[in-house]
Amino acid sequence: MTQVPWWRHAVCYQIYVRSFADSDGDGVGDLPGISARMPYLAELGVDAIWLTPFYPSPQADHGYDVADYRNVNPLFGTLGDFDALLEQAHGLGIKVIVDVVPNHSSSEHAWFQAALAAGHGSAERACYIFRDGLGTSGETPPNNWQSMFGGPAWTRVPDGQWYLHLFDTGQPDFDWSNPEVGDEFERILRFWLDRGVDGFRIDVAHAMVKAPGLPDVAALQPDDRHDEALHRTDRPYWDQPAVHDIYRRWHAILAEYPGDRMAIGEAWVETPEAMARYVRPDELQQCFNFHWLEAEWSAHEFREVLAATIAAVEPVGASPTWVLSNHDVRRTVTRYGDGAVGLARARAALLAMLALPGSAYLYQGEELGLPEVDVPLAARQDPQWLRGGGPNRDGARVPLPWSGEQPPFGFAPDCAATWLPQPPQWSALTVERQERDSSSTLLLVRAALRLRHDLLSSLGDGIEVLDRDPDVLAYARSGAGSPLMCVLNCGRVAVDVSDLGDPLLMSGPDAVRGGTLAPNTAAWLRA
Ligand code: GLC
């Protein structure tokens, strides 16, 4: 009998390295900080962790601008610290996924520096996308593409050529039509696989191949929101068919290693069908299901995404993934209405996600019910916001509150200031506080992960969506024994759930009372 690969049902916890735990008091999280908190992750019950980029980098995009793909930024520790972290995680049964950023490097990467030095027409320049400009003296960018972070996607170098950067000027795009680039990434993947990592999260996984000739995009319409229009997938830099060839090659590399190594793509594509193309049997193991994250607080939307996701991944034999939060989007508590209602909904949505078939991704702080922070203007650091390209992402990246009554809340030993300021009100949300409060979000998530292990691991991928009240998402998961029911009430009035069984777990203390489920809550029930 073949064993089901671990990632098919895993709960993976995203660690935004700068903001998880700081061991040396510089106000920025680091690898030894993560190691010191590994028992917390084991107690939480996650199966895997994903570490955001910790490689040498000038931090123009907080690590998504990599200057050396095979080392650790001294800001975060050493390769020795990484090896120790990996060994410790494995000792606790936790898999480790690292971030790989193949669309672009940092402008401080040795290859880009060599490209600048070597000049026009050189082999070094051919690793990136350098072009001559338009106009009589090449003073106009080669096409009209805009950077995701605002402004043109092209920057001119002193000899007059332009280079493409879909993101910050410090993030030049590689030219993946040059075989050197693919060969180098094969060596990079092997470097980390040989060290023992269990998988990769692939940054902007749908961007590496650009349409031949780099055609202009249709001009923005007056009512287009800049950031939304740029992300539309009819753009000549997203989701080009040849990107899948890269993943076929990566699939074969991963398959050479024992232990079900995997890769998950960050591909913000428009439809579940487009997403499913990335998880065909000879490509990636997983792709983030951003349609779930993008759904409004609406049972109708959740039901639609659920059905469309399953319908799209089943034919290719992939298992679904679910995600509500990450370092690029506003935290769920705030997205769903903020305050007590936002928190109640975030907890309910989490329970509704954690009983679904497939694997789930949690973002650090989601287990504490952290809200988005309105980071003071002067403290903001997100290049997307600084360059005018979209909402400020710093609010989801504030260092975690662990303990104590004032900042840095145990995030760091004495430190003058954390890299983003923590709100003083977070004294009520620390891990220490929540561990002592039986109604806390932390204890709810721990209980949910424990039950998920005990009950759901014996269930297959099957799910039956129940036809109930339109404001309710209700589904059954069956396997051995009576089915597990999950009900989420997105409406304004309590709904009868008495026929579905007794509550095993509720998103709030009084979610189910007298056989009815309160608005903005969810419950797992069993007959
Ligand atoms: C991904 C990352 C985001 C980063 C961008 C550019 O979307 O999640 O944080 O800014 O890629 O690398």
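The values are calculated or read from the model by the stated rules, or taken from the named source; none is laboratory data. Small disclaimer: the values here were computed from a predicted structure and weren't measured. In this analysis, Cβ positions are derived from the backbone assuming ideal geometry, glycine residues included, and neighbour counts consider all displayed protein chains. Remember, those area values only see protein heavy atoms, side chains included, never the ligands or the DNA or RNA. Shrake-Rupley method; radii C 1.70, N 1.55, O 1.52, S 1.80 Å.
Condition first: more than 16 Å from the ligand (Cβ to nearest atom) and either part of a loop (DSSP other than H, G, I, E, B) or without any contact (Cβ under 8 Å) to a residue 12 or more places away in the chain (or both). Can you find one or more residues in the range 379-390 that meet it? Within the range 379-390, none of the residues are more than 16 Å from the ligand (Cβ to nearest atom) and either part of a loop (DSSP other than H, G, I, E, B) or without any contact (Cβ under 8 Å) to a residue 12 or more places away in the chain (or both). The set of residues from the range 139-156 being touching a residue at least 24 places away in the same chain (Cβ under 8 Å) and either away from the ligand (no atom under 16 Å from the Cβ) or part of a loop (DSSP other than H, G, I, E, B) (or both) comprises Pro142, Asn143, Asn144, Trp145, Ser147, Met148, Phe149, Gly150, Gly151.
Criterion applied to Gly45, Gly93 was being at positive phi, open to solvent by 30 Å² or more (accessible area, probe 1.4 Å), small (Gly, Ala, Ser) and more than 16 Å from the ligand (Cβ to nearest atom), and the one residue passing it is Gly93.
If only residues of the range 290-348 that are within 16 Å of the ligand (Cβ to nearest atom), hydrophobic (A, V, I, L, M, F, W, C) and part of a loop (DSSP other than H, G, I, E, B) are counted, the one that is most open to solvent (accessible area, probe 1.4 Å) is Val329.
The numbered conditions (1) within 16 Å of the ligand (Cβ to nearest atom); (2) open to solvent by less than 60 Å² (accessible area, probe 1.4 Å) are all true for Gly80 except (1). All of Leu362, Leu356, Leu420 fail the test of being part of a loop (DSSP other than H, G, I, E, B), of a type in the set (A, V, I, L, M, F, W, C) and either away from the ligand (no atom under 16 Å from the Cβ) or within 24 Å of Asn289 (Cβ to Cβ) (or both), apart from Leu356. Against the numbered list (1) within 16 Å of the ligand (Cβ to nearest atom); (2) out of contact with any Phe, Trp or Tyr (no Cβ under 7 Å at 6 or more places or on another chain), Phe167 comes up short only at (2). Considering only residues that are over 14 Å from Ala340 (Cα atoms) and assigned to a helix (DSSP H, G or I), which ones fall in the range 427-442? Result: Ser427, Val431, Glu432, Arg433, Gln434, Glu435, Leu442. Within the range 96-120, the set of residues being in contact with a Leu (Cβ under 8 Å, 6 or more places away or on another chain) and within 16 Å of the ligand (Cβ to nearest atom) comprises Ile97, Val98, Asp99, Val100, Asn103, His104.
Taking residues in the range 224-240 that are modelled with pLDDT of 90 or more, and partners anywhere that are among the polar types (S, T, N, Q), the pairs with Cβ atoms closer than 8 Å and at least 6 places apart or on different chains are Asp239/Thr233.
Just one of the listed residues (Leu85, Leu75, Leu31) is more than 16 Å from the ligand (Cβ to nearest atom), more than 22 Å from Ile264 (Cβ to Cβ) and without any contact (Cβ under 8 Å) to a residue 60 or more places away in the chain, and it is Leu75. Every test in (1) modelled with pLDDT of 95 or more; (2) crowded, with 17+ Cβ neighbours inside 10 Å; (3) within 26 Å of Tyr361 (Cβ to Cβ) is passed by Val465 save one, and that test is (2).
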